[in-house]
């Protein structure tokens, strides 16, 4: 009789541990975001496409139509039990180049409380370039329409 109750106790203990593990959240990071220390070595008006790639690594994506910039995208997902993964954070680093291939602007975008925000910006002129690719990257987060926050073309 004692042996049978020990098996039941062990079985309940195993189920409790498995149940607790199933309810633990798991955070997964996707993409690549260069560290701030490395990014600070990229100089606006000085560095080129080649030196940027050597300094902080190749981009996640490049300018699609006009080869205008490098884009680094990083996302954080939360997995909780059997529920679908939920994206809880996204950050986009956009490095723009002028016609000669020299860095003209560095911007870091993020999402906070459902709003697209500029986390940092370093430019050589005061004209802000069209960020339609960044709008697409950030706009796919939940129900956020990035054009509402970044303005129209």
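The values are calculated or read from the model by the stated rules, or taken from the named source; none is laboratory data. In this text, all values refer to a predicted model and were calculated from it rather than measured experimentally. Cβ atoms come from the backbone with ideal geometry, glycine included; neighbour counts cover every protein chain shown.
Remark: residue 54 matches the filter, which requires a residue to be out of contact with any strand residue (DSSP E or B) (no Cβ under 9 Å at 6 or more places or on another chain) and farther than 25 Å from residue 111 by Cα.
Candidates 65, 15: the one that is modelled with pLDDT under 80, exposed (fewer than 11 other Cβ atoms within 10 Å of the Cβ), within 23 Å of the chain's Cα centre (by Cα) and not in a strand (DSSP E or B) is 65. Quickly run through region 29-47 and pick out the residues that are in contact with a strand residue (DSSP E or B) (Cβ under 8 Å, 6 or more places away or on another chain) and either assigned to a loop (DSSP other than H, G, I, E, B) or surrounded by fewer than 11 Cβ atoms within 10 Å (Cβ to Cβ) (or both). Listed by number, the residues that qualify are 32, 33, 34, 42, 43, 44, 45, 46, 47. Of all residue pairs spaced 6 or more apart or on separate chains, those with beta-carbon atoms under 8 Å, a first member in region 84-103 that is at negative phi and surrounded by fewer than 21 Cβ atoms within 10 Å (Cβ to Cβ) and a second member that is assigned to a loop (DSSP other than H, G, I, E, B) and modelled with pLDDT of 90 or more are 91/33; 102/45; 102/46; 102/47.
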